[in-house]
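Quick note: the coordinates plus some simple rules give every number you see, no bench work behind them. Owing to the predicted nature of the structure, the values given are computational and were not obtained by experimental measurement. A quick note on method: Cβ atoms are made from the backbone with ideal geometry, for glycine too, and the neighbour counts reach across all protein chains shown.
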Amino acid sequence: MDADQNPALRALDAAGIAHVVTRHGPVGSLGEAAAARGVQPGDIIKTLVVRRADDDFLFVLVPGDREISWPKLRAVLGVNRISMPDAATAREVTGYERGTITPFGSTRAWPVVADQTVAGRTISLGAGEHGLAVTLAGSDVVRALDARLADVTDPLG
């Protein structure tokens, strides 16, 4: 897909966010993805889709070396129950398949919660296609998405 046809890249351009596009082949691990993108594993930011209720979703931005803390995220959102949708639902509500999901260019502009570690550093996000990523300033991402910064993750393991 050309950059002008890619909704994520179009959205980044429309938002005026400086970014570097990286195209790489298939990767089998976080380490391989980081090497292909020229960043550290913790600089890769996973975009996860979380369901609060029927037709009420949000994006959660999680560093690659961390995982969602469900109790912390529930507390931040003020809810008792949240879940991850299945792959078909995630695609339906974002326009992207798992492994390519990004808030940029999503079919709906769901709210975004970014782990507090995302701001103030260079990060790498998926860009809507397998093997396609963008490297950009985390603070620009937070600002453009009006993301809520919060402590919502724990170290892996």
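Search the structure for amide H atoms under 5 Å from the amide H of Arg66, placed 1.01 Å from N in the peptide plane, and list their residues when 5 or more places away or on another chain.
Here the answer is Leu156, since their amide H atoms fall under 5 Å of that of Arg66.
Can you put Phe57, Phe104 in order of Cβ neighbours within 10 angstrom, beginning with the fewest?
Exposure proxy ranking, most exposed first: Phe57, Phe104.
Just name one of Pro155, Ala8, Leu132: the one whose Cα is farthest towards the positive end of the charge dipole of the chain (beta-carbon charges, Lys/Arg +1, Asp/Glu -1).
Checking the options against the dipole of the chain, the answer is Pro155.
How large is the dipole of the chain about the Cα centre if only Lys and Arg carry +1 and Asp and Glu carry -1, each at its Cβ, rounded to the nearest 20 debye?
260
For Asp151, enumerate residues with amide H under 5 Å from its amide H, sequence gap 5+ or separate chain, H modeled in the peptide plane.
Gln116
Using a Gaussian network model on the chain with a 10 Å cutoff between Cα atoms, which of Leu132, Leu48, Leu77 fluctuates the most?
Top of the fluctuation ranking is Leu77.
Looking only at the chain, where both bridge partners belong to it, what percent of the DSSP beta bridges are antiparallel (to the nearest 5)?
Once the DSSP bridges in the chain are tallied, antiparallel ones form about 75 percent.
Among Leu73, Leu61, Leu30, which one moves the most in a GNM of the chain with springs linking Cα atoms closer than 10 Å?
Fluctuation is largest for Leu30.
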